[in-house]
1. Somewhere in region A:60-77, is a residue within 12 Å of chain B (Cβ to nearest Cβ), surrounded by fewer than 23 Cβ atoms within 10 Å (Cβ to Cβ) and within 27 Å of A:PHE315 (Cβ to Cβ)?
2. Return the residues of region C:194-208 that are within 16 Å of ligand 2 (Cβ to nearest atom), at pLDDT 85 or above and outside any helix (DSSP H, G or I); say none if nothing qualifies.
3. Quick one: in region A:269-283, which of the residues that are touching a strand residue (DSSP E or B) at 6+ places or on another chain (Cβ under 7 Å) and of a type in the set (A, V, I, L, M, F, W, C) is farthest from A:GLU65 (Cα to Cα)?
4. Considering region B:178-204 alone, what residues qualify as being among the β-branched types (Val, Ile, Thr) and facing chain C (nearest Cβ under 10 Å)?
5. Filter region B:116-133 for residues that are out of contact with any Leu (no Cβ under 7 Å at 6 or more places or on another chain) and either among the hydrophobic types (A, V, I, L, M, F, W, C) or in a helix (DSSP H, G or I) (or both) and give the result.
6. In region B:224-251, which residue that is in contact with a Ser or Thr (Cβ under 8 Å, 6 or more places away or on another chain) and assigned to a loop (DSSP other than H, G, I, E, B) is farthest from the other protein chains (Cβ to nearest Cβ)?
7. Taking the conditions exactly as written (within 20 Å of C:VAL220 (Cβ to Cβ), among the hydrophobic types (A, V, I, L, M, F, W, C) and within 15 Å of ligand 1 (Cβ to nearest atom)), does C:LEU20 satisfy them or not?
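The values are calculated or read from the model by the stated rules, or taken from the named source; none is laboratory data. Because the structure is a prediction, the values reported are computed rather than measured. No Cβ is skipped: glycine too gets one built from the backbone with ideal geometry, and neighbour counts run over all protein chains shown.
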Amino acid sequence: MRLLTRRSIALGAAALFLSFEAAQALADRTLLNVSYDPTREFYKDFNAAFAADWKAKTGETITIEQSHGGSGKQARAVIDGLQADVVTLALAGDIDQIANKTDKVPKDWATKLPNNAAPYTSTIVFLVRKGNPRGIKDWNDLVRDGVQVITPNPKTSGGARWNYLAAWAYASKQLGGDDGKVKEWVADLYRNVPVLDTGARGSTTTFAQRGIGDVLISWENEAFLVQKEFGADNFEIIVPSLSIKAEPPVAVVAANAKAKGNLDVAEAYLRYLYSPEGQKLAARNFFRPVDASSADPADLARFPKIELVSIDKDFGGWSKAQKEFFADGAIFDQIYRPTN
Amino acid sequence: MAMSDRFLPLAHAPERATSETAFTKVVLIGIAVLFLVAILFLPLVTVFVEALRKGWGTLFENFGDPDTLSAIRLTLLVAAIAVPFNAVVGLAASWCIAKFEFKGRNLLLTLIDLPFSISPVISGLVYVLLFGAQGWLGPWLSAHDIQIIFAVPGIVLATVLVTFPFVARELIPLMQSQGTSEEEAALMLGASGWHTFFKVTLPNVKWALLYGVLLCNARAMGEFGAVSVVSGHIRGLTNTMPLHIEILYNEYNFVGAFAVASLLTGLALITLLAKTLLEWRFAGELAAKAHRH
Amino acid sequence: MSVPVRVRNLEKNFGRYPALRGVSLNVEAGELVALLGPSGSGKTTLLRAIAGLEQPDAGQVLFGDIDANSLSLRERRIGFVFQQYALFKHMKVFDNIAFGLRARPRASRPSEAAIKAKVLELLHLVQLDGLEARYPAQLSGGQRQRVALARALAIEPRVLLLDEPFGALDARVRKDLRKWLRELHQRTGHTTLFVTHDQDEAFELANRIAILDHGRIEQVGTAAEILDRPATPFIDSFIEGIARRNADQQSREWTKPHVVVSR
Ligand SMILES: Nc1ncnc2c1ncn2[C@@H]1O[C@H](COP(=O)(O)OP(=O)(O)OP(=O)(O)O)[C@@H](O)[C@H]1O
Ligand SMILES: [Mg+2]
């Protein structure tokens, strides 16, 4: 008995103390950036740079909180009430979802910032193990018998959708646009996928850490990051003959930012992405800057030249691609049969 | 086989049976031990080996990280609210169920078991459906500027829901087997309801209660699924230890991930130790009870 | 301090099952009445209804002139001894007996010293001197029974209700306790109602006997009245065993093992 009361008093006191601490931490203005998986390292650098810049300009100390996860899942969380001031997601379709389901983001969000509100671009490349033991050179090698391909699930991951569309674009070009044959080819590719993770980062750890698969279809920045984290000589990047230009967009979640009194910082934060400093940091973190002029030439030299298709020109934009390929019962559902 | 067995001299049968049993026993125990080592012990060791891969210094450095500290603090805070709450409510619910007959008693019993039978992810989603911006209470909550999910209240609620059955499940069978005769005796001796509860009912279940509280605590600190759904994963703010471990792992910070994992495992092991000690005490008391009849 | 107990037309149903069907019974102050009847006839239910542990559907219980309904359990001041003793197993014998005194509201609670004196006196009364530091689990059945009685006596009850007080004990101990209880009753003079299965026990101990069947009282009277003039055929067959058993007394010792072997 006595033991119990004493214990609960101690717990109560601890709870009080902790919540007091938490309240203290909230005293300054804080901005919440809800982002997708492979941007963690970039925004770590960028947030520090922006906070310093903001402090220099206004004298105010700003704390930037980060939340990372699968792009689609993050959009869902914002729709369900996660108090994001800005979203920096993997594809326009996910921000469209927020704009369609709520009025927190204006419908014309993509026009508010330059370059369709995408401050950096990326593309899709292959990552293979040291020495490229399976001799993988291009997309065609991924449908060969016995080659294990790692890519995440396009139903949940933004990166996976870019992967899928890049593969589709390649096959479409090779097979002269015969949709039936292209479908066949893409089906063969996904037959070689032993593990379909829910997010891009999950696939990367499956491939790099757990050692499963022969080739990882990956964001370019993610592939560079693996080389950096696991040693450049353990993995090789293979550049396919054709890929897709991925434009991860950003937007202010106006309703949230306004309610929190953060609208000015939120807008400044996203504009800073386009500044020379922001572009330079993007290039350093393996994102292709939209304005290369201020980036470090050494960083830029790492990006290979690839022929790139575009979602708007070649697939008619995200909402069309979404409906055609990834909606329930659409092409992906028709071709993908889990093997185990 | 069966036929020939039947014609064996009767005196041999028991001998054969026992030697067969002994062999089976050895094999079964062997399999069980192998299984335990492979499935339970090795992974546990791995956690600590990985955490110490770069030495003790790096391990403690990782604990100094502000995001890690905040995850530890949040986990303790959530447990500090959820566990006492569930202890009190679980005790009250068990008491009602075990000592009284009333309408809806079976429904209450089923409800208590519900968190065990549904997936934690669903427990989390229920709160999103309820308190999310698109949920039933969402508009009202945002109009009053109350944030439940993607904030500490949501994490506490999800944890409370998932860990609710532990105390009640421990207490109900014990209270039922104890019956109401001691309480009736106390009432006949003039004791008030409170006096009866604190002097008779509670002491009779105190070890089981503590045992339930420990299990509840272990789960409250370790819960991943339900909390993941309502957390929002804001670094340094809404990540509990299990969520933070996943994030560190996804950031290629394997040592960091295993450092936090080793701390969580350490807490679990302490809980387990306390539980074992209790079981030992508890067993003594049960034996005394058995002796009485 | 003992009061008469009057039970009037008591009815109690469990669901649709009538456990008591219009039971009326008077127990005079200081009287010892045995409640006898086959299993399931409603003896325990009647005792619990008098104690207030069961709410009757109809009828009335009076302590002296006071309607029991107007009294709380505490105010009824009933010493109740349960069939299975219901001792507090986490408390020592001393604390078990002291429980009722310590549970009193602060104003009427005796000092610890007074409680101690009272408990030791009761222990002496039930012939358990020196066992106050034991736990119930460390006592024999007969000793536990006497602790339960001492605990009930501690609150200075106005009425004693005993539910098969010797039911769980072997024949030898029962006989000793029976004698002891009669002496105790003669000394303390509590109004006492006790339930028993055992006709011999009822006829030997009680001033009067009430025989219950199917929730109804079939006959109330002294041993002689019931044996001489059984009121109904049921009573007749029910008490038949007593005469036969008296005749069989000597042969009992060796017929018992014989029965076991023949099974
Ligand atoms: N709580 C209850 N719910 C339902 N039925 C009950 C309950 N208590 C008693 N009964 C029923 O009421 C009847 C009388 O029960 P009671 O316990 O009074 O019998 P008894 O004379 O004390 O029997 P025994 O000698 O076996 O102790 C029985 O048929 C019993 O099944
Ligand atoms: Mg009975």
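1. Checking region A:60-77: at least one residue is within 12 Å of chain B (Cβ to nearest Cβ), surrounded by fewer than 23 Cβ atoms within 10 Å (Cβ to Cβ) and within 27 Å of A:PHE315 (Cβ to Cβ).
2. Passing the criteria: C:PHE194, C:VAL195, C:THR196.
3. Only one residue tops the list, namely A:ALA283.
4. B:THR180, B:THR196, B:VAL200
5. B:PHE116, B:SER117, B:ILE118, B:PRO120, B:VAL121, B:ILE122, B:GLY124, B:LEU125, B:VAL126, B:VAL128, B:LEU129, B:ALA133
6. Only one residue fits best here, namely B:THR240.
7. yes
Quick grid of which residues meet (1) in a helix (DSSP H, G or I); (2) under 18 Å from C:LEU53 (Cα atoms):
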site	(1), (2)
C:VAL81	no, yes
C:GLY100	yes, yes
C:ALA113	yes, no
C:GLU121	yes, no
C:GLN143	yes, no
